[in-house]
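The values are calculated or read from the model by the stated rules, or taken from the named source; none is laboratory data. This one's a predicted model, so the numbers in the text were calculated from it and none came from an experiment. Quick reminder, even Gly has a Cβ in these numbers, built from the backbone with ideal geometry, and neighbours come from all protein chains shown. These area figures cover heavy atoms from the full protein model, side chains too; ligands, DNA and RNA do not enter into them. Shrake-Rupley method; radii C 1.70, N 1.55, O 1.52, S 1.80 Å.
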Amino acid sequence: PNDTALRPRPLLLPSVHPFRRINETLDKAEHHNFHLLTAASSLSAILHVRPPTSKMSCTIFILLAIVAASLQAASSSSNNNLPSSVASPRFPPRSPKGNNSIILPRGALREIRSVIESASTVTDDASSSTPSSLLQRGGATPTTTTTPAAAKSTTSPKPIRVAFQGEAGAYSEKSLRELLGPNVISVPRPNFEACYRAVASKEADYACVPIENSLGGSIHENYDLMLRYDLTIVAEHDFRVRHCLLTKHGVEEKDIKYAISHSQALSQCDNYLRARGITPKATYDTAGSAKIISKAIRGEAFGRQLPEGCTPENTAAIASDLAGQTFGLECKAEGIEDDDSNFTRFLLLGRTGVVQHLNKKIPSKTSLVFTLPNSAGALYKSLACFSLREIDMSKIESRPMSAGLLNYLRFRNTVTQMGGEGGTASSRVKDMPRFRYCFYLDILESELDERVQNALHHLREQSDYCRILGSYPANSRLVGPVADAVEALNAANAGKKVDSNDLRLKSLPSDDEDARKLNIGFVGYGSFGQYLSKKMSSHHKLRCIDPLDKSKEAEENGIDYHPMFDMSNFLQGLDVVVITVPMIELEETLESLPLDKLRNKLIVEVCPLNSYPRAVLSRMLPADADILCTNPMFGPGIIGNHPTDLPLDGLPFVYEKVRIADTRRADCFLSIFERARCQMVEMAAEDHDSYVADAEFVTHLTGRLLDRNLLPVTPVCSREYSALCDVADMTANDTFDLFYGMFKYNDRAKELLNKMRDNLASVERKLAAKEAYLAASAEMKNTDRQKLLAECRMLLREVAKSTGTPVEKLESALPSASPSPTEEKK
């Protein structure tokens, strides 16, 4: 930090608001001997961290200034949009959320605090005798500088936390230690999605997950999760799976009667077990089987999971040698698998990519996923984008499309059909097939290669959706910040004896949040409130209050019911208050609540519009009450007049954090829907209403027009008829007050209603015009027929005169003047 060559120049900061204040501060520092410690202390108060205890370096001061400017930009209502060169691509600028709110990505403020606190505690002895309090500008050199060696002695490398799925000692943990070295901190997670979630929430730096096995094939769950989470691939590793036979110390191999492990590991060691007469018994995990034996030896409750007939003296576990070291078991045999070509390919996933650190000398890979229209030769044409440019491909695989991606494509296709991209694109999606597939492709080049860039541009012209999952070095190589961090860790721990048990986290802070049970109260317990309570009752404590007697419904759903006169006891001890009343009753409901008892609680509204409820809540609630505006775009399903509990996978949940002080409580509430795999969309109220309000109003209006008298039950119905029935059933369960709220608080509702009326009148006019046209056509045809018959009779009379044949006999062959129904059809 005190090295002039490494110090960032203040002139690189844009001279625009809000960064103008940074340059003004720098001018003060140069001309008025502005003390850095004073500036750092005042800025630390903004971030609610403890004041620094030493003079801070120039770099830390600029970091604090940028953070302060970011907070000012987020809370400012008059200057909201930063220049594109300043705005972060991962955290784009948002519209104003209110004067009292600070909008930052989840976990960002916590991470900023930890960085500043750790930096503020570093003592800078060398700077105490130098004018470090004076910010040097224009390349000025301080009298005393800290050498790199001294800097290294006072700072320790940042630990690397890597999440993996499974128990401690699993093959995934051994793989990540092979790739990253023995000094990283491993974080065991119960499932693959928990690994992705840990990295996305910044509780872990990376996740090491298996993607394919040479014998078992692809791990499809990780393919789907890569689409769900915005992580990128930074490295890969081909791990050689070597199974070991682990037993209690002192047990002879001849005494082993049973072997426990995952079913796939047992099948891979089938010949070895058969030759020794060992009976395989499947358990939930390879490393977990070693844990079961270890706990059984100690007599702990977890050891009771041993299969029937198995004891620590006659049972072995098939797992990795790392699992044996972790749980204190003896390795009787190593490499007992039947096939020595058992390899698993692992991917290292992070929040930022490393493509900028690749060059032509580093063998690279690029992984991507894309979808194609349902047309002949679409896959052949997409692969030709690469083959025509001599780009080698190492893998291609198709997978059924996830619900979230399918919903995205449906939305995109709807916009296209409305005229967004012309008729050619809309013709692709006119009839979307029931089964849609996405294709995963690995190419042996970097994304920055010119040929790859051209191929990707070509592919995007043909595909409906294309996303780069990562461009990274091949063959277990590390580059960029990953390699630098690993190298620093290895250098700092050189010569030290490392125990993997000491470098393993047993839990994360979010685990406590996941286990946290919120006390949630529903104000209003109608059909939607009952629906939400069913989704939350398994993990949280619920209660409800309603002017009507809802005790029977509450008892059926397993929650407590309070009458309106018991409002004080209802609000006592609540963490979250969910208001599920019609929008037209929102203000009246808030007036009936004791507002002083809503302090320090999270107030959640679930109205179909957000701007009006946000204004009402912000105006009426106490300043220390948190506000969360949401619109769960789903509800109770109805099939044959019977409610059904449909899954929420891929369904949108729109929310806005209007005013949040307790972020953990708000995140815990939102995690209810995140874990149900809803499509979480954070959106400003104005944007939400502009996108959703009109569509919601038209949908409910259509459903109310289509009652059951217009949609009779039929044994044979088309897909369109079924969709109309679903819309009618959905709106039939909603109260008219809900629909009236959509009408009253939507400025364009009357315009839409008039447009629907005009469209209906237009259809009626078209029908009347068509009917008149057909009647006129029939009349004209009848007139022409009569003229033709008259001409035929005249000709027959002339023929009769010339031949002497009676006229009546010839005229009997002519048709009647008015056509029969059969003739009319012809």
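Please determine, by comparing only the residues of region 192-208 that are part of a loop (DSSP other than H, G, I, E, B) and at pLDDT 90 or above, which one is nearest to G166 (Cα to Cα). So the residue we want is A204.
Count, please, the residues in region 284-298 that happen to be modelled with pLDDT of 90 or more and under 23 Å from F343 (Cα atoms).
Restricting attention to region 284-298, the residues satisfying the condition of being modelled with pLDDT of 90 or more are 286-297.
Subset that is under 23 Å from F343 (Cα atoms): 286-290.
Number of matching residues: 5.
The number of residues in region 330-353 that are within 22 Å of the chain's Cα centre (by Cα), not in a strand (DSSP E or B) and not charged (D, E, K, R) comes to 2. Among the residues of region 300-317 satisfying the criterion of being of a type in the set (G, A, S) and modelled with pLDDT under 90, which is most open to solvent (accessible area, probe 1.4 Å)? Ranking the candidates gives A301 first. Given the conditions (1) over 27 Å from the mean Cα position of the chain (by Cα); (2) assigned to a strand (DSSP E or B), which single one is not true for L441? Status for L441: all satisfied but (1). If the condition is being among the basic types (K, R) and touching a helix residue (DSSP H, G or I) at 6+ places or on another chain (Cβ under 7 Å), then region 589-615 contributes K597, R614.
Working carefully through the options D230, D224, D285, D270, find the one that is open to solvent by 20 Å² or more (accessible area, probe 1.4 Å) and over 27 Å from L347 (Cβ atoms).
Values: D230 fails: over 27 Å from L347 (Cβ atoms); D224 fails: over 27 Å from L347 (Cβ atoms); D285 fails: over 27 Å from L347 (Cβ atoms).
After ruling out the rest, the residue left standing is D270.
If you go through region 521-536 and keep only what is over 30 Å from A204 (Cα atoms) and of a type outside the set (F, W, Y), you end up with G521, V523, G524, G526, S527, G529, Q530, L532, S533, K534.
Which residue is most open to solvent (accessible area, probe 1.4 Å), if the candidates are limited to region 476-497 and must be outside any helix (DSSP H, G or I) and not hydrophobic (A, V, I, L, M, F, W, C)?
Of all residues in region 476-497, those outside any helix (DSSP H, G or I) come to 476-479, 493-497.
With not hydrophobic (A, V, I, L, M, F, W, C) added as a condition, the list becomes 476-477, 493, 495-497.
Values: S476: 46, R477: 106, N493: 47, G495: 90, K496: 126, K497: 202 Å².
So the residue we want is K497.
Return the residues of region 169-217 that are among the β-branched types (V, I, T) and closer than 23 Å to D340 by Cβ; say none if nothing qualifies.
Of all residues in region 169-217, those among the β-branched types (V, I, T) come to 184-185, 187, 199, 209, 211.
Listed by number, the list holds a single entry, I211.
Given the criteria open to solvent by 20 Å² or more (accessible area, probe 1.4 Å) and at pLDDT 90 or above, does T247 qualify? The answer is no for T247.
Among the residues of region 418-430, are any at pLDDT 80 or above, farther than 30 Å from A485 by Cα and either surrounded by fewer than 15 Cβ atoms within 10 Å (Cβ to Cβ) or of a type outside the set (A, V, I, L, M) (or both)?
Start the filter on region 418-430 by keeping residues that are at pLDDT 80 or above, which leaves none.
No: zero hits.
Across region 318-334, the number of residues qualifying as surrounded by fewer than 15 Cβ atoms within 10 Å (Cβ to Cβ) and of a type in the set (G, A, S) comes to 1.
Within region 550-572, is even one residue at positive phi and touching a Ser or Thr at 6+ places or on another chain (Cβ under 9 Å)?
Pass one, region 550-572, residues at positive phi: 558.
Now narrow it down to the ones that are touching a Ser or Thr at 6+ places or on another chain (Cβ under 9 Å): 558.
Yes, there is a match, as at least one residue in region 550-572 is at positive phi and touching a Ser or Thr at 6+ places or on another chain (Cβ under 9 Å).
Every listed requirement among (1) over 26 Å from M536 (Cβ atoms); (2) in a loop (DSSP other than H, G, I, E, B) is met by A661 save one, (1). Region 498-601 holds strands (runs of 3 or more DSSP E) entirely within its bounds, and those carrying 1 or more residues that are open to solvent by 50 Å² or more (accessible area, probe 1.4 Å) and of a type in the set (K, R) map to 541-545.
Residues that are open to solvent by 20 Å² or more (accessible area, probe 1.4 Å) and under 17 Å from R345 (Cα atoms) were ranked within region 180-210; the one that is farthest from the chain's Cα centre (by Cα) is Y206. Number of residues in region 602-627 that are open to solvent by 30 Å² or more (accessible area, probe 1.4 Å) and under 25 Å from F739 (Cα atoms) equals 7. With respect to the conditions (1) modelled with pLDDT under 90; (2) hydrophobic (A, V, I, L, M, F, W, C); (3) within 26 Å of the chain's Cα centre (by Cα), A151 falls short on a single one, namely (3).
Here's the yes/no breakdown for (1) aliphatic (A, V, I, L, M); (2) closer than 19 Å to E656 by Cα; (3) open to solvent by 70 Å² or more (accessible area, probe 1.4 Å); (4) at pLDDT 70 or above:
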{"residue": "R675", "(1), (2), (3), (4)": "no, yes, yes, yes"}
{"residue": "Q679", "(1), (2), (3), (4)": "no, yes, yes, yes"}
{"residue": "M683", "(1), (2), (3), (4)": "yes, yes, no, yes"}
{"residue": "E686", "(1), (2), (3), (4)": "no, yes, yes, yes"}
{"residue": "S690", "(1), (2), (3), (4)": "no, yes, yes, yes"}
{"residue": "F697", "(1), (2), (3), (4)": "no, no, no, yes"}
{"residue": "L705", "(1), (2), (3), (4)": "yes, no, yes, yes"}
{"residue": "L711", "(1), (2), (3), (4)": "yes, no, no, yes"}
{"residue": "E720", "(1), (2), (3), (4)": "no, no, yes, yes"}
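For P643, the criteria (1) at pLDDT below 90; (2) loosely packed, with under 13 Cβ neighbours inside 10 Å; (3) farther than 29 Å from M683 by Cα hold in every case but one, which is (2). In this structure, is V498 closer than 30 Å to E173 by Cβ, among the aliphatic types (A, V, I, L, M) and more than 25 Å from the chain's Cα centre (by Cα)? So V498 fits the description; yes.
Just checking: which of the helices (runs of 4 or more DSSP H) contained wholly in region 215-279 hold 3 or more residues that are closer than 30 Å to A200 by Cα and touching a helix residue (DSSP H, G or I) at 6+ places or on another chain (Cβ under 8 Å)?
Ranges flagged: 220-228.
Of all residues in region 271-295, those satisfying the criterion of being under 18 Å from G309 (Cα atoms), free of Cβ contacts under 8 Å to residues at least 60 places away in the same chain and of a type in the set (G, A, S) are G277, A282, S289, S294.
All conditions in (1) out of contact with any Leu (no Cβ under 6 Å at 6 or more places or on another chain); (2) at pLDDT 90 or above hold for I211, with the sole exception of (1). State yes or no: is A800 among the hydrophobic types (A, V, I, L, M, F, W, C), at pLDDT below 80 and surrounded by 10 or more Cβ atoms within 10 Å (Cβ to Cβ)? Yes: the conditions hold for A800.
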